[in-house]
1. Of all alpha-carbon pairs in region 69-190, indicate the percentage at a distance above 19 angstrom.
2. Taking the full set of protein chains and a 1.4 angstrom probe, give the accessible area of residue 325 in square angstrom, rounded to the nearest 10.
3. Report the one residue of 346, 203, 336 whose Cα lies farthest in the direction of the positive end of the charge dipole of the chain (charges on C-beta: Lys and Arg +1, Asp and Glu -1; origin at the Cα centre).
4. In nanometres, what is the gap between the two model label sites at residue 323 and residue 103, each 7 Å from Cα along Cα-to-Cβ?
5. Assuming R0 = 41 Å, what is the FRET efficiency of residue 307 and residue 205, from their Cβ-Cβ distance, to the nearest 0.05?
6. With +1 on each Lys and Arg Cβ and -1 on each Asp and Glu Cβ, and nothing else charged, work out how big the dipole of region 144-250 is about its Cα centre, in Debye to the nearest 20.
7. Enumerate the helices in the chain for which the Kyte-Doolittle hydropathy averages 0.0 or more and the C-alpha atoms extend at least 24 Å along the helix's axis, using complete DSSP H runs.
8. From the protein chains alone at 1.4 Å, what is the descending order of accessible area for 220, 277, largest first?
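The values are calculated or read from the model by the stated rules, or taken from the named source; none is laboratory data. What you are looking at is a predicted structure, and each value in this text was computed from that prediction instead of being measured. Ideal geometry is used to build each Cβ from the backbone, glycine not excepted, and the neighbour counts take in all protein chains shown. Accessible surface is based on the protein model in full, side chains and every heavy atom, while ligands, DNA and RNA are left aside. Shrake-Rupley method; radii C 1.70, N 1.55, O 1.52, S 1.80 Å.
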Amino acid sequence: MITSVGLLKQRRFLPLFVTQFLGAFNDNLFKNAMVFFATYEIYKSVEAETQFSAIATGIFILPFFLFSALAGQLADSYDKARIMRIIKMAEVLIMLVGSAGILMGNLPLMLVALVGMGVHSTFFGPIKYAIIPQHMAEDEVLGGTGLVEAGTYIAILCGTIAGGLLHYQAAAAAVIIVAVIGWFSSTHIPAAPPVTKLKIDWNIFRSSYRLIAATLHIKRLYLAIIAISVFWTIAAVLAVLFPPLVKNVFHAQKDVASVFLGIFSVGIAIGSVIINRLLKGNVSARYAPVSVLAMAIFVFDFYLSASGWSGNPQDLATTREFLAMPGTWRVLFDLIMIAITGGMFVVPLYAFLTTTVDKSQTSRTVAANNIVNSAFMVFGSVGILGVTEIGVGVSDAILVVLLLCVISAWCGWTLYQAEKAHEMDSKVSLD
């Protein structure tokens, strides 16, 4: 059996990996350059900064809710590799708009490009997971999914750091260059013709309802999608909180916010690799409950650190100064452990999406997952904004994440019980 890392040497996987890596990198380079620009150059209050961060997160996610059903239908009806090339060319055009917004310091123009990138990611998302079982052997699917997930978060790490460190003019040029390279890599993805041809329903609301109804009747899929959605709600809440938290609680500059987001990203990548080793290629939710309960412990310790933090709000610390402060390494350790345990929780759940249904339905299954995920994430972003609007401090808002971890643990446990019940039923049928 080809090892997971060995897949990176295969033409059937490497161009896909590079293409999705560059797309995730560009999403986060652009989004974070924009959010940091607003947080550190325009707004001067924690309320306004949190509000803009929540709005940016919400409008990026909204297209997933609106267009995922259409994206899934198209991906299951046409050659997936060809659709990828069209999507990546669209990214080049979107980034031209975003680059102009950055250079002009025009936030509305930047937000238009952010919506465009949300649409781009909506149509790309179902394909990047659904194409894996089409190009991989059955015992390679979990490894391939784990590599895509790990690569995505390494890309988020790199894009987040670049968004915080690059000068705005350099970021404007970089997003265009990366988009062009991403399109070029997509031209090398092997053909992935459709297994079936669907009649496309262009009514996005009706097709979304039908898609979710057709997918969620399978108990294991339903539970996996709910568990993934709760996890991404946690990620959305943290993404909203990190910039104002770093500036107003830890009293640090935007490069420290990049470090926070970057550590979270690389931690999920590490968790993806660890869980793949533990499960040895088997798709299972066996470690999901304990992983997310461990995550809750580190979230609570992170909250305690943030609540007791002291610093000079008039003199924002650089990364070097922040690292020299007492308690910093405890904060960073909590962050990476939150991310590692989160990666261990979520990666096997994605493998459920592509292995539970027939290959002709994988894109639509991932799309159904994206619709539910996006609804949860928008709710989380708006909810955390509402929590801060009623006077809850940005550090106290971390307790919302703790509650979500407990809910995730219950979802993971229920999924594992359903998994065992399915295995027993299958065994009885064979006997």
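1. Values: 3990 of 7381 pairs.
Within region 69-190, distances greater than 19 Å cover 54 percent of Cα pairs.
2. About 50 Å², ignoring ligands and nucleic acids.
3. Farthest towards the positive pole: 203.
4. Once both label points are built, they end up 3.5 nm from each other.
5. Efficiency, from the Cβ-Cβ distance: 0.45.
6. Working: 7 positive and 2 negative charges, 89 e Å.
Dipole of region 144-250, to the nearest 20 debye: 420 debye.
7. Working: long enough: 14-37 (34 Å, 0.91); 46-77 (46 Å, 1.06); 80-104 (36 Å, 1.34); 107-135 (41 Å, 1.09); 141-165 (36 Å, 1.41); 168-186 (27 Å, 1.68); 219-248 (43 Å, 1.52); 254-279 (38 Å, 1.57); 288-307 (28 Å, 1.67); 328-355 (42 Å, 1.49); 362-389 (40 Å, 0.80); 398-430 (48 Å, 0.89).
Length and hydropathy pass: 14-37, 46-77, 80-104, 107-135, 141-165, 168-186, 219-248, 254-279, 288-307, 328-355, 362-389, 398-430.
8. 277, 220
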